[in-house]
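What follows is a single structure, written as structure tokens, with notes after it.
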Amino acid sequence: MTAPAPERRPPFAERMLEQTLFASRWLLAPFYLGLAASLLVLLYKFGQKGLDLVLHLPQSSGNEIIIAVLSLIDLSLVGNLLLMVIFSGYENFVSRFNFEDHHDKPEWLDHVGFGELKLKLMTSIVAISAIQVLEAFMNIEHLTDRELAWSAGIHMMFVVSAVLLAVMDRLTAAAKH
């Protein structure tokens with residue numbers, strides 16, 4: 001019986017290069033901080049639209065109220081989308097969060113990989129797009145047929161893209177098993 005071959009230790013330059021590349025993941029942290037700051041921008045816009053809704057409530061029609069509420073829903077969905085990107089991106093590409101015992105930790109954070117993140121993002125984009133299309137149809141008298149067609153067509157492209165992404169994800173998962 002022969003002794004196992006000694007483990008090959010890479011040369012110093014290779015180790016340094018690999019450590020530098022691995023540490024470069026921290027260059028993404030400012031991106032996630034910037035996205036977190038953009039939540040403040042969304043919050044400002046949400047407050048502005050909410051206040052506008054309340055101030056113009058007495059003279060607003062039912063359709064105008066529905067459009068304003070849909071706009072608020074749209075902003076909240078974009079905020080949710082931002083949080084998904086921030087949390088999942090940081091967790092998947094930079095470092096693990098260290099708050100396993102925190103009672104408010106989102107349940108999905110432990111099991112969302114890059115594939116699941118793509119599907120969640122596409123689902124959110126489809127929902128946001130659907131709200132945009134609904135807003136357009138609620139405001140139909142102010143839009144041309146061409147604008148409505150483009151709105152519906154772009155939404156359908158998002159839907160088709162999401163379905164194709166889900167199919168590809170399922171096929172990839174089936175191939176792994």
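The figures follow:
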read-out: Those residues of region 148-174 which are more than 20 Å from Phe114 (Cβ to Cβ) and either charged (D, E, K, R) or under 22 Å from the mean Cα position of the chain (by Cα) (or both), in sequence order; value: Ser151, Ala152, Gly153, Ile154, His155, Met156, Met157, Val159, Val160
read-out: Count - residues of region 1-50 that are farther than 30 Å from Val78 by Cα, in a helix (DSSP H, G or I) and β-branched (Val, Ile, Thr); value: 1
read-out: Residue in region 134-147 that is at pLDDT below 90, under 16 Å from the mean Cα position of the chain (by Cα) and assigned to a helix (DSSP H, G or I) present; value: no
read-out: Region 16-36 residues that are touching a residue at least 40 places away in the same chain (Cβ under 8 Å), paired with ones that are not in a helix (DSSP H, G or I) (beta carbon under 9 Å, 6 or more apart); value: Arg25/Ser95; Trp26/Ser95; Ala29/Ser95
read-out: Hey, Glu91 modelled with pLDDT of 80 or more, outside any loop (DSSP other than H, G, I, E, B) and of a type in the set (Asp, Glu) or not; value: yes
read-out: Criterion: of a type outside the set (Lys, Arg) and in contact with a Lys or Arg (Cβ under 7 Å, 6 or more places away or on another chain) - qualifying residue of Phe93, Phe114; value: Phe93
read-out: Single condition Glu100 does not satisfy, out of (1) among the acidic types (Asp, Glu); (2) over 29 Å from Val69 (Cβ atoms); (3) out of contact with any helix residue (DSSP H, G or I) (no Cβ under 8 Å at 6 or more places or on another chain); (4) in a helix (DSSP H, G or I); value: (4)
read-out: Close pairs (9 angstrom Cβ cut-off, 6 or more residues apart or separate chains): at negative phi in region 55-78, modelled with pLDDT under 90 and not in a helix (DSSP H, G or I) anywhere; value: Asn63/Asn139; Glu64/Asn139; Ile67/Asn139; Ala68/Ser60
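Here's the yes/no breakdown for (1) under 30 Å from Glu141 (Cβ atoms); (2) surrounded by 13 or more Cβ atoms within 10 Å (Cβ to Cβ):
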residue: Ala23; (1), (2): no, no
residue: Gly34; (1), (2): no, no
residue: Ser38; (1), (2): no, yes
residue: Val54; (1), (2): yes, no
residue: Leu77; (1), (2): yes, yes
residue: Val85; (1), (2): no, yes
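The values are calculated or read from the model by the stated rules, or taken from the named source; none is laboratory data. Please read these numbers as outputs of a predicted model, since none were measured by experiment. Heads up, the Cβs are rebuilt from the backbone with ideal geometry, glycines too, and the neighbour counts pull from every protein chain shown.
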